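Written out below as structure tokens is the structure these notes cover.
The values are calculated or read from the model by the stated rules, or taken from the named source; none is laboratory data. None of these values were measured; they are calculated from a predicted model. Here the Cβ is made from the backbone with ideal geometry for all residues, glycine too, and neighbour counts use every protein chain on show.
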């Protein structure tokens, strides 16, 4: 991460000018020992010396300071992974304070602020009581609002708007979600088909295929997400519910989501099991929960974005994402949340007395304990 590097900059520029520490000390009017301390980071030059140093080296004072309040994409990835692991292993309040300090320090590094916001959302449930969770979500929302209003990257601003709306929804403020994105959601135009056609016309077929693979991959995820959400709205219509679940399953099988993108299937299974429980189809609910338990205790970790034999041209796209294929939360917290989604889900209270349900719950608990022992 980039800090104030005035000492390193003085060394670099002094060498470029062919000056010794004694030459520089004489020019500025200080001792050679003072210059040595500047260069080794033991002290900083007095502020009144900065214009002289900048003039001597023919650079701006900003360049002389060597400070740029921005982090590289790689810095952000490493920091996100570290903080995510800390949320899983350390005291929540201490890690939250660390996130606040980092956000304050790099308050104009908008990609970082966006990902600190994501980190807070993804770990907000670990805060404990509801009031504290809402407070964490509110902090995340403030970060997204800052990015949305201040950054000059239109794509990042658009994503921040959606994440602001996500915070509002998680905070139980649906009217604000509607106000934020109802109009913008109707103006979306997908450019992938146009871009792929253009690449094909100039003889770049590989680029065209890569773009369309990326588009199919994204739309597949969106479609499964929409079908899962639609399933929630169909519990008053038994036929529509079963039809929707059937279609979602067919898409999951067609794209081999158990291997390619198990997270999508995990969400589908939970919602479907909840729905069948509400429809009093205990047998079907337990069948789906058994598939869920088998999936989440299987060899699916780490849960990261990846291609396969069909999506064989998307690795570069994934690598170019700000977080690459870094999971949004630590594996420990992910496993715990997957267990909680069943064991502590009030929707499954009606299944508590079922032996099959107790076996499912035990399997999920053991999955968390296995991770704790690592």
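One residue alone among 311, 348, 357 is under 28 Å from the mean Cα position of the chain (by Cα) and touching a residue at least 12 places away in the same chain (Cβ under 8 Å), and that residue is 311.
Residues checked against (1) free of Cβ contacts under 8 Å to residues at least 24 places away in the same chain; (2) in the same structural domain as residue 232 (by TED's automatic domain parsing); (3) within 26 Å of residue 230 (Cα to Cα):
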site: 274; (1), (2), (3): no, yes, yes
site: 297; (1), (2), (3): no, yes, no
site: 316; (1), (2), (3): no, yes, no
site: 353; (1), (2), (3): yes, yes, no
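Could you tell me which of the residues 226, 237, 256 is assigned by TED's automatic domain parsing to the domain that holds residue 318, exposed (fewer than 15 other Cβ atoms within 10 Å of the Cβ) and within 20 Å of residue 307 (Cβ to Cβ)?
On the way: 226 fails: within 20 Å of residue 307 (Cβ to Cβ); 237 fails: within 20 Å of residue 307 (Cβ to Cβ).
Selected residue: 256, the only one of 226, 237, 256 that is assigned by TED's automatic domain parsing to the domain that holds residue 318, exposed (fewer than 15 other Cβ atoms within 10 Å of the Cβ) and within 20 Å of residue 307 (Cβ to Cβ).
Restricted to the range 120-130, and to residues there that are within 27 Å of residue 150 (Cβ to Cβ) and touching a residue at least 40 places away in the same chain (Cβ under 8 Å), the residue that is surrounded by the fewest Cβ atoms within 10 Å (Cβ to Cβ) is 122.
Looking at the range 352-374 only, could you name the residues that are at pLDDT below 90 and in contact with a helix residue (DSSP H, G or I) (Cβ under 6 Å, 6 or more places away or on another chain)?
367, 368, 371
A quick yes/no check of all residues on (1) in contact with a helix residue (DSSP H, G or I) (Cβ under 7 Å, 6 or more places away or on another chain); (2) under 24 Å from residue 85 (Cα atoms); (3) in contact (Cβ under 8 Å) with a residue 24 or more places away in the chain:
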site	(1), (2), (3)
116	yes, yes, yes
132	no, yes, no
139	yes, yes, yes
145	yes, no, no
161	yes, no, no
223	yes, no, yes
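Within the set 110, 144, the sole residue that is closer than 23 Å to residue 75 by Cα, modelled with pLDDT of 95 or more and either surrounded by 15 or more Cβ atoms within 10 Å (Cβ to Cβ) or assigned by TED's automatic domain parsing to the domain that holds residue 182 (or both) turns out to be 144. For the range 43-66, filtering for residues that are part of a loop (DSSP other than H, G, I, E, B) and in contact with a helix residue (DSSP H, G or I) (Cβ under 8 Å, 6 or more places away or on another chain) leaves 6.
Residues in the range 334-351 that are out of contact with any helix residue (DSSP H, G or I) (no Cβ under 8 Å at 6 or more places or on another chain) and farther than 20 Å from residue 123 by Cα: 346, 349.
Could you tell me whether residue 303 is out of contact with any strand residue (DSSP E or B) (no Cβ under 7 Å at 6 or more places or on another chain), touching a residue at least 12 places away in the same chain (Cβ under 8 Å) and closer than 30 Å to residue 156 by Cβ? Criteria met by residue 303.
The set of residues from the range 235-244 being touching a helix residue (DSSP H, G or I) at 6+ places or on another chain (Cβ under 9 Å), touching a residue at least 24 places away in the same chain (Cβ under 8 Å) and assigned to a helix (DSSP H, G or I) comprises just one member, 241.
Listed here are the residues, each with its yes/no results for (1) assigned to a helix (DSSP H, G or I); (2) modelled with pLDDT under 90; (3) loosely packed, with under 14 Cβ neighbours inside 10 Å.
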site	(1), (2), (3)
10	yes, no, no
22	yes, no, yes
26	yes, no, no
35	yes, no, no
70	no, yes, no
82	yes, no, yes
87	yes, no, no
94	yes, no, yes
102	yes, no, no
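The condition of being assigned to a helix (DSSP H, G or I) and either in contact with a helix residue (DSSP H, G or I) (Cβ under 6 Å, 6 or more places away or on another chain) or surrounded by fewer than 16 Cβ atoms within 10 Å (Cβ to Cβ) (or both) holds for residue 250.
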